[in-house]
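The values are calculated or read from the model by the stated rules, or taken from the named source; none is laboratory data. All of these numbers come straight from a predicted model, not from anything done at the bench. Cβ placement follows ideal geometry from the backbone for every residue including glycine, while neighbour counts extend to all protein chains displayed. Surface accessibility is based on the protein's heavy atoms, side chains included, excluding ligands, DNA and RNA. Shrake-Rupley method; radii C 1.70, N 1.55, O 1.52, S 1.80 Å.
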Amino acid sequence: FVSGDPNKAVVSTQSTGGQAISCAVDFDNQHCGIYAGDYDSYKDFADVFDPIIQEYHGITADAKHTSDMDVSKIQGNVHPNAPVKSVRIRVGRSFNGFGLSPGITRQQRLDLEKLLISAFSNFEDDLKGDYYPLLGMEESVRQQLVDDHFLFVSGDPNLISAGMERDWPEGRGIFHNTDKTFLVWVNEEDQTRIISMQKGGDVKAVFERLARAIKAVQESVKKESGKDFLFDEKYGYIHSCPTNLGTGMRASVHIDLPGWTAEGLNALKARCEELKLQPRGTRGESGGQTGVTFDISNKHRLGYSEVELVQCMIDGVNTLFQEDLELQKKHGL
């Protein structure tokens, strides 16, 4: 099977079903194991994608996705006494007329980067910053981005297997604002990853900046090229990995939970499941657990709006914090 009818509005990348499942074929440790090379893949291979998406996200076959970035609807914030070190919220966004990362052509990737560089130059005030292409990056710049934990690197076996590291590092790069609180990753696993973050626990401020940043990226690219974000009424914002469909949003905090650490990781995992949260070690998805600091984020992406997911994360983190105080007493900490 080959995806894509060249006469459609969506640019054909000739993505095949074999490419889509290459991760699952190559590795036996996959949560999901399938990627879409273009928007058409989700439609052309719906027989494969739909059941996986419905099972993973817990949605019905006739579900519709609603987006809502209205920060004024967020109730409260993370408790000021909670030992939250930092907040980070990211989304992925893809643009019409370009393949998704596993299927994007070399020329599309370069054209998209060019379009985004132009868009970045229009940013104002606290969003203003610089773009750092990976190709030909100076060592001092590279080291600074590593120190800031901003840099994405090559070598992920899943991304390689799915064809996402073709022509590396050409067409890839990182934009960040002067304050280092707003980032855009260009042409990694998704065409763009838009990230808002800061030290401390002010989730609301991070979400507010993210909403402005997404709008700035969208409007600037649209003005320049007429191209808009890929949005599907059923699957929300289109991403290369089905697990990110919908909001594509991961809202997370780094928080110290000594009580829960004493209670045990399995207990914390079970509690987070009840609260629709996901705990991780503080070195990312595959990282181990370091001390008592956990990365706590929303579990769901699709079937809930952005506002609902951020609210769920704030409320859940506050619950975990209060319970942690009790568990500290229990374990004599």
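I'd like to verify a number: residues in the stretch 233-253 that are over 28 Å from residue 318 (Cβ atoms) and open to solvent by 30 Å² or more (accessible area, probe 1.4 Å), how many?
The number of residues fulfilling the criteria is 2.
Of all the residues that make up the stretch 296-319, how many are crowded, with 21+ Cβ neighbours inside 10 Å, of a type in the set (D, E, K, R) and outside any helix (DSSP H, G or I)?
Number satisfying all stated conditions: 1.
State the number of residues belonging to the stretch 233-264 that are assigned to a loop (DSSP other than H, G, I, E, B) and charged (D, E, K, R).
2
Which of (1) surrounded by fewer than 18 Cβ atoms within 10 Å (Cβ to Cβ); (2) modelled with pLDDT under 95; (3) not aliphatic (A, V, I, L, M) does residue 77 not meet, given it meets every other one?
(2)
Please go through the stretch 133-153 and give me each residue that is under 19 Å from residue 184 (Cα atoms), open to solvent by 60 Å² or more (accessible area, probe 1.4 Å) and of a type outside the set (D, E, K, R), ordered by number.
Hits for the stretch 133-153 are 135, 136, 143, 144, 149, 153.
For residue 256, only one of the following conditions fails: (1) of a type outside the set (Lys, Arg); (2) closer than 24 Å to residue 194 by Cβ; (3) touching a residue at least 60 places away in the same chain (Cβ under 8 Å); (4) open to solvent by less than 40 Å² (accessible area, probe 1.4 Å). What is its number?
With (1) of a type outside the set (Lys, Arg); (2) closer than 24 Å to residue 194 by Cβ; (3) touching a residue at least 60 places away in the same chain (Cβ under 8 Å); (4) open to solvent by less than 40 Å² (accessible area, probe 1.4 Å) applied to residue 256, the lone miss is (2).
Could you check the stretch 132-159 and list, in sequence order, the residues that are of a type in the set (A, V, I, L, M), over 24 Å from residue 89 (Cα atoms) and either in contact with a helix residue (DSSP H, G or I) (Cβ under 9 Å, 6 or more places away or on another chain) or in contact (Cβ under 8 Å) with a residue 60 or more places away in the chain (or both)?
137
For the stretch 190-232, enumerate the residues that are part of a loop (DSSP other than H, G, I, E, B) and open to solvent by 30 Å² or more (accessible area, probe 1.4 Å).
Matches in the stretch 190-232: 202, 226, 227, 228.
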